[in-house]
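Read the structure below first, then the notes.
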Amino acid sequence: MLYIKKNNEPASLTKYKKQSNAYYDGFKYKDDIREALLKEQGYLCAYCMRRISNVKEVTIEHYVPQSELDECTALDYRNMLGVCKIDRERKKEYQTCDSHRGNEKLTVNPFDRDTIKLIKYERGTGKIGSKNECIDKDLNYTLNLNCKNSHLPENRLHVLKVLGNKILKDNKGKICSKSYLLNLKRQIENPDKDGKIAEYAGIMIWYINKRLKSNR
């Protein structure tokens, strides 16, 4: 999971909200919202960091559940995230992200850097978690981000191994410098020419931060 900086809402949503009878289900141009969410998230699911290629693959998620919102606040773009649809048709135990979450409240918050900083990973397994009990519950149970059937831990572990091999190759077995690690981190954090952030970027950034601390 990554920190998400919100951008301006789509112009079509701003215009619609000015209507006296505006409500979420009445807004016809939700693809405008989906496209805006994908762009600000680097075409990654806000929860699991799987790649989302286009608006047909994204679901609009309300961080504060819609069940707790009135018609006006349900249209608040600042509360919206783009999430994947991949596991939606599976049994509940195999679902992840918003479909597994339902209307459960979350402590971990993609809009809050401080909670994102509390996320940790297991280098040997690719599992996601936290020493904070509430956030660990969010990740493991509410969002089910370590579900084996989803291959999420396996996929995170794979990108971490690829990153480790790249670091070894670039530095030819020598201890890499702080400047090298910082530059590599910037490459992973920032979108490429197509606006895409590296899939499962969170575990790679976590690993680089650990290397930076050990280099002090």
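See the values below:
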item: Net lengthening on full extension, Tyr29/Lys210 (0.36 nm per residue, minus Cα-Cα); result: 60.9 nm
item: Rh (Kirkwood; distinct C-alpha pairs) - region 72-183, Å; result: 16.2 Å
item: 27 Å Cα-Cα threshold exceeded, pairs from Lys6/Lys161; Lys92/Lys127; Lys91/Lys185; Lys161/Lys193; result: Lys6/Lys161; Lys91/Lys185
item: Entry for mean projected area of the Cα convex hull in nm² (calculated from the structure that is shown) out of (i) 12.8; (ii) 11.6; (iii) 20.8; result: (i)
item: Residues Tyr3 and Leu168, FRET efficiency given R0 of 41 Å [Cβ-Cβ distance, rounded to 0.05]; result: 0.90
item: GNM top mover of Arg113, Arg78, Arg186 - the chain, alpha-carbon springs below 10 Å; result: Arg186
item: Over 24 Å between alpha carbons, listed pairs Lys85/Lys105; Lys17/Lys105; Lys105/Lys210; Lys28/Lys85; result: Lys17/Lys105; Lys105/Lys210
item: Distance between modelled label sites at Asn54 and Glu122, nm, 7 Å Cα→Cβ extension; result: 3.8 nm
item: Asp192 - accessible surface, heavy atoms, 1.4 Å probe, Å² rounded to 10; result: 80 Å²
item: For region 46-61 versus region 139-164, the gap between their alpha-carbon centres in whole angstrom; result: 16 Å
item: Listed residues Ile52, Ile116 arranged by accessible area, highest first, probe 1.4 Å; result: Ile116, Ile52
item: Cys134-Ala11 FRET efficiency (beta carbon distance; Förster radius 45 Å; 0.05 resolution); result: 0.75
item: Gap separating the Cα centres of region 176-215 and region 70-101, nearest whole Å; result: 28 Å
item: Mean Cβ count within 10 Å, highest first, over the residues of peptides 172-179, 36-43; result: 36-43, 172-179
item: Where N is the number of residues in region 66-132, Cα Rg divided by 2.2 N^0.38 Å; result: 1.34
item: Sequence ranges 7-15, 121-129, ranked by mean other-Cβ count within 10 angstrom, highest first; result: 121-129, 7-15
item: Sites Tyr141 and Arg113, calculated FRET efficiency, Cβ-Cβ separation with R0 30 Å, nearest 0.05; result: 0.80
item: Helical segments meeting 18 Å axial Cα length and Kyte-Doolittle 0.5 threshold in the chain (DSSP H); result: none
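The values are calculated or read from the model by the stated rules, or taken from the named source; none is laboratory data. These numbers come from a predicted model, not from an experiment. When we count neighbours, we look across all protein chains shown, and the Cβ atoms used for this are built from the backbone with ideal geometry, even at glycine. Note: areas computed on protein heavy atoms with side chains; ligands, DNA, RNA excluded. Shrake-Rupley method; radii C 1.70, N 1.55, O 1.52, S 1.80 Å.
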